[in-house]
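Novice: Once you've had a glance at the structure underneath, I'll fire off some questions.
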């Protein structure tokens, strides 16, 4: 993170694209932070079962897959979203290393999302709307990473 | 300024998130004192479902919902614990509104209770929770469970919707609401609420053991 970016382009075009790209990513990640934090608080206050009026939701969030040891998965999700948010912010300000970390973090979250969707579909046979919303956010972030301009690839 | 700005943004958002989470958590837990209840007395009419001896040193009173997955996971360990330590276990119905079949399941358990098989139906409903929870016709399954328990089916069917059964569930729920129960399972160990993070098969045995070793009678 200490290595400040060296501008490779003299024009302001790529820089503006980069700013817009990572700003959108940071905003998406911020929504994820809010959602995962909300679920973590619900878990810690013992209100896992109260989940938007859906019994499927409580089945997923109350399952053994919803935590790793004593740690709720939503807390890890909040941490992951916050990392993505931080990397995106640093990338906006031109930190090259942050872009690489951003890509790896999104990739890791994408893989985790696929696993969790599999668990919901084939093991729990129930879908939680919060989890689906989070999956949509990750797909959006992954879509951004895949579709970003070639000049932004590190 | 441009060098420090990303640090300021990231730290600022981190602090706001932590602050909001703490505030939200505190609104959910306004008081630090745990909920307390008066001891449930075993009545001769059998309207309160109790396992274990009346004068046991430890009493656990559970407010449960038959469609709640954590309650289902707690059922077997709690039964094993009860057999091991022979404490007094009280079950109260607290069907949550977001579980569409929870109230019907509570009725089935109460209807079985009228034929002396509440705990058998209680265990069966939790064991088969994943099946009837997703059924569009859970009553048909409850009837099948009643058959498995060799209940008088015509009596079971009429008891399912009897005002007496519905009133019993309402009473349990009212008791829970009055003492501040909001979620399930909520357990009271010797009349004091067990923290949600301890309401699991890992921590509960230790708490019961400590209570028995301390020989603190349930007053």
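Each row is one residue, and each column tells you yes or no for (1) farther than 20 Å from residue A:133 by Cβ; (2) under 19 Å from the mean Cα position of the chain (by Cα); (3) surrounded by fewer than 16 Cβ atoms within 10 Å (Cβ to Cβ); (4) modelled with pLDDT under 55.
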| site | (1), (2), (3), (4) |
| --- | --- |
| A:2 | yes, no, yes, yes |
| A:17 | yes, no, yes, no |
| A:20 | yes, yes, yes, no |
| A:30 | no, yes, no, no |
| A:35 | no, yes, no, no |
| A:38 | no, yes, no, no |
| A:47 | no, no, no, no |
| A:52 | no, no, yes, yes |
| A:56 | no, no, no, no |
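Novice: Identify the single condition in (1) modelled with pLDDT of 95 or more; (2) touching a strand residue (DSSP E or B) at 6+ places or on another chain (Cβ under 9 Å); (3) within 18 Å of residue B:158 (Cα to Cα) that residue B:122 does not satisfy, given that it satisfies every other one.
Specialist: Going through the list (1) modelled with pLDDT of 95 or more; (2) touching a strand residue (DSSP E or B) at 6+ places or on another chain (Cβ under 9 Å); (3) within 18 Å of residue B:158 (Cα to Cα), residue B:122 breaks only (3).
Novice: Right, another one. All but one of (1) at pLDDT 95 or above; (2) surrounded by 20 or more Cβ atoms within 10 Å (Cβ to Cβ); (3) more than 9 Å from chain B (Cβ to nearest Cβ); (4) within 24 Å of residue B:197 (Cβ to Cβ) hold for residue A:128; state the number of the condition that does not hold.
Specialist: (1)
Novice: Mind checking which residues of the stretch A:54-86 are more than 8 Å from every other protein chain (Cβ to nearest Cβ) and in a loop (DSSP other than H, G, I, E, B)?
Specialist: Within the stretch A:54-86, A:69 is the sole residue that qualifies.
Every residue, every condition in (1) closer than 14 Å to residue B:63 by Cβ; (2) within 14 Å of chain A (Cβ to nearest Cβ); (3) assigned to a helix (DSSP H, G or I), yes or no:
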site: B:155; (1), (2), (3): no, no, yes
site: B:165; (1), (2), (3): no, no, yes
site: B:169; (1), (2), (3): yes, no, yes
site: B:181; (1), (2), (3): yes, yes, no
site: B:184; (1), (2), (3): yes, yes, no
site: B:187; (1), (2), (3): yes, yes, no
site: B:207; (1), (2), (3): no, no, yes
site: B:210; (1), (2), (3): no, no, yes
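Novice: Now, a different point. Looking at B:122, B:99, can you tell me which residue is buried (at least 23 other Cβ atoms within 10 Å of the Cβ), at negative phi and not in a helix (DSSP H, G or I)?
Specialist: B:99
Novice: Now for a separate question. Being buried (at least 24 other Cβ atoms within 10 Å of the Cβ) and within 11 Å of chain A (Cβ to nearest Cβ) is the filter here; which residues of the stretch B:71-93 pass it?
Specialist: Result: B:71, single match.
Novice: Exactly one of these conditions fails for residue A:104: (1) within 30 Å of residue B:68 (Cβ to Cβ); (2) free of Cβ contacts under 8 Å to residues at least 12 places away in the same chain. Give me its number.
Specialist: So the condition that residue A:104 fails would be (1).
Novice: Sort through B:46, B:31 and tell me the only one that's surrounded by fewer than 15 Cβ atoms within 10 Å (Cβ to Cβ), outside any helix (DSSP H, G or I), in contact with a helix residue (DSSP H, G or I) (Cβ under 8 Å, 6 or more places away or on another chain) and modelled with pLDDT under 90.
Specialist: Checking each option against the conditions leaves just B:46.
The values are calculated or read from the model by the stated rules, or taken from the named source; none is laboratory data. Small disclaimer: the values here were computed from a predicted structure and weren't measured. Methodologically, a virtual Cβ is constructed for each residue, glycine included, from the backbone with ideal geometry; neighbour enumeration extends over all protein chains shown.
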